[in-house]
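Reading through the C-alpha cells given below for one structure.
What follows draws every value from the coordinates through simple rules; no lab data is involved. Just so it is clear, the model here is predicted, and its values are computed rather than measured. So basically every Cβ, Gly included, is an ideal-geometry build from the backbone, and we count neighbours across all protein chains shown.
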Amino acid sequence: MNKISALHIVPRIVQEASGPSYSVQRLAGALVVADVETRLHVLDPLPNKLLFQDVVSYHTVPGFWRLGLSPAMRTALCKEAAKADIVHNHSLWMMPNVYAGPAARRGKCCLVVSPRGTLSERALRRSRVLKRCMWLAGQGRVLRDAHCLHATAQHEYEDIRRLGLEAPVAIIPNGVDIPPLPAMEPDQEISDAPRKVLFLGRIHPIKGIDVLLQIWKTLEREFPCWELRIVGPDNCGYLPKMQQLATTLGLQRARFLPPAYGPDKQAAYRSADLYVLPTHSENFGLTVAEALAHAVPVVVTKGAPWSGVEREACGWWPETNEDAIHQAMRTAMAIPTDQRRAMGARGREWMRHDFSWDRIGAMMAHTYQWLLRGGTVPAWMRID
C-alpha cells in the first residue's frame, strides 16, 4: 500500500505561539510518525524556531499582508497538489485558505478543512464585511467542496452543521506535549510562599480578563495567601485597559507579566497552584491542556469545550458569568493543597492517555485512509 502524501496549508506560524501556530506544526510532525508524507505551506516570515522542519514559505504581495495575497503560493500549491493525496487547509478568511480549493481540484485530491474556531458565532461577527467578501471570493466554495471537515470539539461540529455544511466531520482534539516534572522538594510542602492563580494567554477581550479582575477584588481579601498572575501578550491594545482596571479596583496581589515562552512558560505552569481561563469563547483552549499536562488543576468556563475536567475530577467547568466563575474559584482555592495536587495528577494522566500527539496523529492518518480507501467509518467521524 502506497504511503499517503498530505499537503498542509496554514496562513502563518508565529514565534512560540499557542493556537494553530503550535497545533498545526505538531500535527504535521505526528502525521510523519504515523507514516504520512507531510509538508507544510505558509506565508513569510518564519519564526526563528520551527516545531516542524518540512516547511515551505512564500512572499506576500506588498500592501496585502492582512489578506495574505501570494500568487507564488497559489501557483506552487497547484503544482504540489498534483503529487499529493490530501490537501489539508487550516483556518479560514485569508487567501491561502482560498488557494486550498483550486489546488485540491487541480490535483484531484481529497480536501480536508480544519476551521480552527473561525466558524463560531462570535468569530463570524468580527470583520463581517471582509468575511462576506472572502466567502464570495472562494472561501465558501472551499467549505462546500471539502470531503471532510475537522472539528476539535463537539461545539465546533455544531458550528459547522449550523452553517449547513454537510461533509463528514472528524472530531479530533488538539494534542498536547507532556513535559517532565521536576521532583518536589520536601520543603515545598510547607512553604510560606504565596499560592498562585495563573492566567496565561493573549490579553484580549474574548478571554474574560475583566471578569477575572472583578472577581479577584473579593477573592484576594478572602484568601490573603494567594496571588493572581496574568501572563501574556497584548492584543488590540487591551492590556493597558486591564492594567487600569486593576488599578481602579485597588487590587494588591494581581500582577501582569510579559509573555512567557519555552522554559519560561513551563516555569509559569510549574509555579502555579491553579489555572484559570474565564473565556467567553474558545475553539479548544490549548492552555487548559498545557496546565493539566503540568499537573495543575483548572477553572475553565463553558465558553471552552472542557466538560471533561469535571468528569475526570481535575477541575471546574462553570458557566460564563461572574457569579459562577467566582464560586468555582473560591471552591478551588479553599480546598487543601494535597487535594488540588491530586486533581492535577489526574489531569496530567488524562492528557497523557487521550491527548498525546502520537494518538492524535494516528487518528488523523486513519481519517485520511478512510477518505481515500473507504472501509469502516472511524469512531470519531460524524456523517449525520
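Along the axis of the charge dipole computed for segment 186-354 (Cβ charges of +1 for Lys and Arg, -1 for Asp and Glu, origin at the Cα centre), the listed residues Asn235, Pro263, Ala324 are led at the positive end by Asn235. Sort segment 50-190 into rounded, prolate or oblate with this rule: let a ≥ b ≥ c be the square roots of the eigenvalues of the Cα gyration tensor; rounded if a/c is under 1.5, and if a/c is not under 1.5, prolate when a/b is larger than b/c, oblate otherwise. Taking the square roots of the gyration eigenvalues as a ≥ b ≥ c, segment 50-190 is prolate. Across the alpha-carbon atoms of segment 114-227, the computed radius of gyration and Dmax are 21.5, 62 angstrom. For segment 240-306, the gyration tensor built on C-alpha atoms gives an oblate shape. Its axis ratio a/c (a ≥ b ≥ c) is at least 1.5, and a/b is not larger than b/c. Taking N as the residue count of segment 186-354, its C-alpha radius of gyration divided by 2.2 N^0.38 Å amounts to 0.96. Counting neighbouring beta carbons within 10 Å and listing from fewest to most, the residues Asp234, Asp358 come out as Asp358, Asp234.
Our note on the geometry: Cα centres of segment 127-157 and segment 257-319, 28 Å apart. Computed from point charges on the beta carbon alone (+1 for Lys and Arg, -1 for Asp and Glu), the dipole magnitude for the chain about its Cα centre is near 1420 Debye. Positive end of the dipole of segment 287-384 (Cβ unit charges, origin at the Cα centre): among Gly375, Gly308, Trp350, the Cα lying farthest that way belongs to Gly375. Residue order for Tyr261, Tyr275, Tyr157, fewest other beta carbons within 10 angstrom first, comes to Tyr261, Tyr157, Tyr275. Projecting the Cα positions of Val14, Phe223, Thr279 onto the charge dipole of the chain (unit charges on Cβ atoms of Lys, Arg, Asp and Glu, taken about the Cα centre) puts Val14 furthest along the positive direction.
When Ser356, Ser271, Ser23 are sorted by how many other C-beta atoms sit within 10 angstrom of their C-beta, beginning with the fewest, the order is Ser271, Ser356, Ser23. Note on Lys83 and Trp380: the model spin-label points, each 7 Å out from Cα along the C-beta direction, lie 2.8 nm apart. What net charge is computed for the residues neighbouring Glu121, neighbours being all others with C-beta under 9 Å from the C-beta of Glu121, Lys and Arg scored +1, Asp and Glu -1? Residues near Glu121 contribute +2 overall.
Measuring against 20 Å, Cα to Cα, the residue pairs Lys196/Lys265; Lys83/Lys108; Lys207/Lys265; Lys49/Lys79; Lys207/Lys302; Lys49/Lys131 contain Lys49/Lys79; Lys49/Lys131 as the ones spanning a longer distance. Between Val61 and Asp264, the contour length at 0.36 nm per residue exceeds the alpha carbon distance by 69.5 nm.
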